[in-house]
Amino acid sequence: MIDAEKLNALVDNELEPAERAEVEKLLASDPNSAARVGAIRAMKTALKDNAEPVRCEDEWKACVKRLNAIDGAKKTRAIVDRWAWAMCSCLFVFIVVGGLFNRVNPGVHAGAADLSRAGMEKPIRDVYHWLKSEIGGTPTVPLQVINAYEGMYRDHRTATIYLKDAKGQVSLVAVQGNGSKVVVDGVTPMDDGQHFVGQNGDKNTIVWMYKGNVLILSGSRSADELLTVANQIQF
């Protein structure tokens, strides 16, 4: 018996001349296979004459889109494989330049709580004189000054000043810039673009800058209430 695949290939004219001649020779001596060829031809003719085409424009467009995406991914991968060494070199240069920049422009990162604790080493007798001497300005503070302490945080002089009004106590931490940037971690910019808000333990915190120095106001009040006090502290 002749293989069904060869019979279908014969009907579809897909056999090479030599192979086709061999199959036709076998059909001459094999009535069953010859009948199968007739059935295959009849089925293909019936399908061609009676089957209605299925409209699948949307499916075809989706297939084309997917094939284009696969082709684009292959091109992207080829580009990445080709230029990976150059990308790595650029990244290395960026890291080196960033490191050199940080060395030339040193900065200190600290949390508000760290800076508050650093300013607790010894009492300050005249806090206004300390502020004028260390951060270059004497502030107008709308709250009563209870006491104040000074200390150091990585070569930066700090002061923690405790203030009080009818709503309770707050603390103001002043950190001397000392020629290098001091960054308070864990705070986000406020809408005015000048102040930052965050947390100091369980208290809200407002952070802002004055002549390169950092000021941190903390208390058990809402951020808006602390911002109002911060805006009243004028140098």
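Only the coordinates and a few stated rules stand behind these numbers; no lab work does. Predicted model only: the values in this text are computed from it and were never measured. Glycine also receives a Cβ, built like all others from the backbone with ideal geometry; neighbour counts cover every protein chain displayed.
Here are the numbers for the structure shown:
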{"item": "Rg/Rh (Cα only; Kirkwood hydrodynamic radius) as it applies to the range 130-185", "result": "1.00"}
{"item": "Relative contact order of the range 108-232, pairs being alpha-carbon contacts under 8 Å that are 6 or more residues apart, as %", "result": "23"}
{"item": "Peptides ranked, highest mean first, by Cβ atoms within 10 Å: ranges 61-74, 127-140, 23-36", "result": "127-140, 23-36, 61-74"}
{"item": "Per-peptide average of other Cβ atoms within 10 Å, ordering 201-207, 175-181, 229-235, 212-218 highest first", "result": "212-218, 201-207, 175-181, 229-235"}
{"item": "Where the Cα pairs of the range 108-232 fall when distances are cut into 5 Å bins, in %", "result": "2, 12, 24, 26, 22, 11, 2, 0"}
{"item": "Residue order, fewest to most beta carbons within 10 Å, for Tyr162, Tyr153", "result": "Tyr162, Tyr153"}
{"item": "Geometric extent, Cα atoms of the range 4-50 - Rg, Dmax (angstrom)", "result": "11.0, 34"}
